[in-house]
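The values are calculated or read from the model by the stated rules, or taken from the named source; none is laboratory data. Fair warning: this is a prediction, and the values are worked out from it, not measured in the lab. Here the Cβ positions follow ideal geometry from the backbone for every residue, glycine too, while neighbour counts run over all protein chains shown. These accessible areas exclude ligands, DNA and RNA; they are computed on the full protein's heavy atoms, side chains included. Shrake-Rupley method; radii C 1.70, N 1.55, O 1.52, S 1.80 Å.
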Amino acid sequence: MEQRHLGRTGLRVSRIGLGTLTWGRSAEGPDESGAAGQLKTFWEAGGTLVDTADVYGGGEAEYLLGQLVGGLVPRRELVIATKAGSVRHPDRRFDGSRGHLLSALDDSLARLGTDYVDLWQVHAFDPGTPLEETLQALDLAVSSGRARYAGVSNFSGWQLAKAATWQLAAPGVRTRLASTQMEYSLLQRGVEREVLPAALDLGVGLLPSSPLGRGVLTAKYRDGTPADSRGASPTMAGFVDPYLDDAASRIVNAVATAAQGLAVTPLQVALAWVRDRPGVVAPIIGARTSAQLEAALSVEALSLPEEICQALDDVSAPVHRYPDQNWSTL
């Protein structure tokens, strides 16, 4: 699998990442055997980037990954990325305080069974904590060797620009932001408004989550909701429902038409489109089974023709008006 630099850093990662959002969830995710099969399939295909978080499965995703690394796949051949900052608290969803983040990192390292993570990400912006305090936790993690690189996740355009610029203001003292992880697909192109331009300008690599539109871009929901799908799961149905409207249906139909013309699958078309967008480093794929993961990894040999990309761009184009486009003609 082709390797790409993560932002303007020396870290190289596979251009498809393995996600573990549902690991450790008994109903929606793989069990230990299934997770082992996925990790082995991914590694044998040349995949290196494995993404997790301290809240996935209440910590079970990290623990499960830690049980597999070393015995199944050599630690040095993986780029392990995790996140901290999301909390289950009645009064707040995010905690970006230095104390919480550094304690969370120590807990993550214990569950993962490793001395360091390759990429440590702030899971979300915390409006209740000064941004410089949050970013100082990243600096401390890197300077102490507990993290090799640092990034953020779910930051808006202005939040990312402020954070990345702050870090660049003191080179050699503060650690450069390597990445930002955001939802990005043919069904969700909101990052193109401000996040992606900021990332491109500041040398921050984009790691798209839900690159298949939460599974909808595989076209499996065109004729209803399959019983074994996330859309049929009581805990995950609300995650899929927003992308089952008429607007999404038009985009899915266009993807299916392109796939038919290229003699490939809708999954391959949708994934190849987002993988090769400007600024994208590695879409993060979450699969229930090794077979689903293999289907996603088969996109490695596919590059979409320019006319197909343009047609998909047109049918899925988000509405960007003032001040993003045509402001000089108003």
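When the stretch 132-165 is filtered for residues that are open to solvent by 70 Å² or more (accessible area, probe 1.4 Å) and assigned to a helix (DSSP H, G or I), the ones remaining, listed by number, are Glu132, Gln136, Ser143, Trp158, Lys162, Thr165.
Taken over the stretch 262-280, the criterion of being without any contact (Cβ under 8 Å) to a residue 40 or more places away in the chain and either assigned to a loop (DSSP other than H, G, I, E, B) or over 21 Å from the mean Cα position of the chain (by Cα) (or both) is satisfied by Ala263, Val264, Asp276. Look through the stretch 1-36, keep the residues that are open to solvent by 20 Å² or more (accessible area, probe 1.4 Å) and among the hydroxyl-bearing types (Ser, Thr, Tyr), and return whichever of them is modelled with the lowest pLDDT. Only one residue fits best here, namely Ser26.
Using the structure shown, decide if Gly113 is under 22 Å from Trp23 (Cβ atoms), open to solvent by 10 Å² or more (accessible area, probe 1.4 Å) and more than 22 Å from the chain's Cα centre (by Cα). Considered against the rule, which asks whether it is under 22 Å from Trp23 (Cβ atoms), open to solvent by 10 Å² or more (accessible area, probe 1.4 Å) and more than 22 Å from the chain's Cα centre (by Cα), Gly113 comes out as yes.
Let's see how each residue does on (1) over 18 Å from Arg174 (Cβ atoms); (2) in contact (Cβ under 8 Å) with a residue 60 or more places away in the chain; (3) not basic (Lys, Arg):
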| site | (1), (2), (3) |
| --- | --- |
| Gly66 | yes, no, yes |
| Arg88 | yes, no, no |
| Asp106 | yes, no, yes |
| Thr114 | yes, no, yes |
| Ala137 | no, no, yes |
| Leu140 | no, no, yes |
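Go through the stretch 91-108 and give me each residue that's closer than 18 Å to Phe155 by Cβ and either in contact with a His (Cβ under 9 Å, 6 or more places away or on another chain) or buried (at least 21 other Cβ atoms within 10 Å of the Cβ) (or both). Can you show your working first?
Our first condition is that a residue be closer than 18 Å to Phe155 by Cβ; within the stretch 91-108, this holds for 92-98, 100-101, 104.
Selection gives Phe94, Asp95, Gly96, Leu101, Ala104.
Results for (1) at pLDDT 90 or above; (2) open to solvent by less than 40 Å² (accessible area, probe 1.4 Å), shown as yes or no for each residue.
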position: Pro171; (1), (2): yes, no
position: Leu177; (1), (2): yes, yes
position: Arg214; (1), (2): yes, no
position: Arg222; (1), (2): no, no
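Checking the stretch 187-201 against the condition returns a match, with at least one residue being surrounded by fewer than 23 Cβ atoms within 10 Å (Cβ to Cβ), more than 26 Å from Ala287 (Cα to Cα) and in contact with a Phe, Trp or Tyr (Cβ under 8 Å, 6 or more places away or on another chain).
Of the residues in the stretch 37-48, at least one is surrounded by fewer than 15 Cβ atoms within 10 Å (Cβ to Cβ) and among the basic types (Lys, Arg).
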